[in-house]
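One structure is given here, and the rest of the page talks about it.
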Amino acid sequence: MSAVAARVPRLEHVGRVTQARVFLSEWTKFRSLRSTLWSLGVGMLLTVAFPILFAFVTSARWGHMSPEERASRSPMDIALAGVNVAQLAIAVLGVLVISGEYSTGMIRATMTAVPKRLPVLWAKVGLYALVSFVLMVPAVFVAFFASQAILDRHHILQISISQPGVARSLLGGALYVTLVGVFALGIGAIVRNTAGGIATFSGIFFVIPPLMNILPTSWNNAISQYLPSEAGRQLFALQHADHTLTPLAGGLLMVAYCAFVVGLAAFLLVRRDV
């Protein structure tokens with residue numbers, strides 16, 4: 001019998017591996033996963049739904065509230081209530097963006113196509129940050145205008161977007177959620193496991209801050225302001241409170257945390273086996 005050699009078809013397009021092509025490849029993977037659509041959809045829904053719910057409750061119970069309770073109700077706190085909840089959905093997606101490839105083994109094909117590895121990480125981080133911010137900005141503004149419309153009967157809870165700091169707080173809310181997602185993506189790249197990445201993120205953002213309350217008040221005030229969650233929240237704080245960083249300082253510190261985590265992930269990516 002004569003062996004028939006299989007011929008490999010010639011590719012129509014041949015070219016170098018560039019950052020732009022890697023970005024396009026990651027975009028194809030990103031938009032084709034149902035988990036991506038679900039996580040982003042849930043994040044946007046929570047960003048809008050919680051302010052609407054809190055605005056309805058506040059409006060309905062306003063006449064039964066004590067002066068102290070009324071004084072504690074801030075229109076910006078109501079408008080941005082969903083940001084603190086949506087961050088979890090966005091963080092889970094951030095971990096999944098890279099840990100999902102490790103769990104399925106697809107990461108081997110990805111790194112075979114891009115031997116230098118780092119362009120893959122840069123593409124994932126850049127794409128995720130861009131998509132998250134573009135989607136969260138309208139969600140935050142919708143939450144603001146919707147909550148203000150519901151609270152229209154209570155003039156003390158009315159605030160204009162043109163007032164100093166309001167627009168910055170709204171954009172800061174969207175930026176905060178985006179940075180949280182980038183931080184979680186870096187954690188996922190370091191841990192390379194979905195459950196481990198989510199658990200690590202949750203420990204840093206939701207376990208460590210409450211544990212600080214066991215410390216003496218002076219120690220708690222001095223340390224807590226530098227935690228990632230507390231520093232990042234200053235991005236959408238309308239006013240600077242005692243024992244907290246300014247919005248600029250808090251935002252820069254949050255960016256530094258993200259840069260550190262992503263930098264560590266990049267170092268480990270080129271040093272470890274896939």
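Rounded to whole Å, give me the distance from the Cα center of region 185-252 to that of region 84-162. The distance from the Cα centre of region 185-252 to that of region 84-162 comes to 18 Å.
Figure legend: label point modelled 7 angstrom from the Cα of residue 199 along Cα→Cβ; residues of region 78-96 with amide N under 18 Å from it are 92-93, 95-96.
Our estimate of slack between residue 32 and residue 213, defined as 0.36 nm per intervening residue step minus the Cα-Cα distance, is 60.8 nm.
For the chain, complete DSSP H runs whose alpha carbons reach 27 Å or more along their own long axis and whose mean Kyte-Doolittle score is 0.0 or higher are 34-61, 81-104, 118-150, 166-191, 247-271. In units of the rule-of-thumb radius 2.2 N^0.38 Å, region 120-224 shows an alpha carbon radius of gyration of 1.41. The share of C-alpha pairs in region 130-172 whose separation exceeds 17 Å stands at 35 percent.
Given the rule -39500 (n - 2.57) for each run of at least 4 DSSP H residues, summed and divided by the residues of the chain, what is its mean residue ellipticity at 222 nm, to the nearest 500 deg cm²/dmol? My calculation for the chain gives -23500 deg cm²/dmol from helical runs alone. Tell me whether the chain comes out rounded, prolate or oblate; compute the Cα gyration tensor, take square roots of the eigenvalues as a ≥ b ≥ c, and use a/c under 1.5 as the rounded threshold. Prolate shape, in that a/c is at least 1.5 and a/b is the bigger ratio. Most tightly packed first, judged by the mean number of other beta-carbon atoms within 10 Å of their residues, the peptides 164-173, 145-154 read 164-173, 145-154. A Gaussian network model of the chain, with springs between Cα atoms under 10 Å, assigns the largest mean-square fluctuation among 78, 156, 52 to 156. Farthest toward the positive end of the dipole of region 37-271, out of 67, 143, 120, is the Cα of 120, where the dipole comes from beta carbon charges about the Cα centre.
Our summary gives region 37-271 a relative contact order of 25 percent, counting only alpha carbon pairs under 8 angstrom and 6 or more residues apart.
Every read-out reported here was derived from the displayed coordinates using simple, explicitly stated rules and does not represent laboratory data. Keep in mind that what you see is a predicted model, and the values were worked out from it rather than measured. Methodologically, a virtual Cβ is constructed for each residue, glycine included, from the backbone with ideal geometry; neighbour enumeration extends over all protein chains shown.
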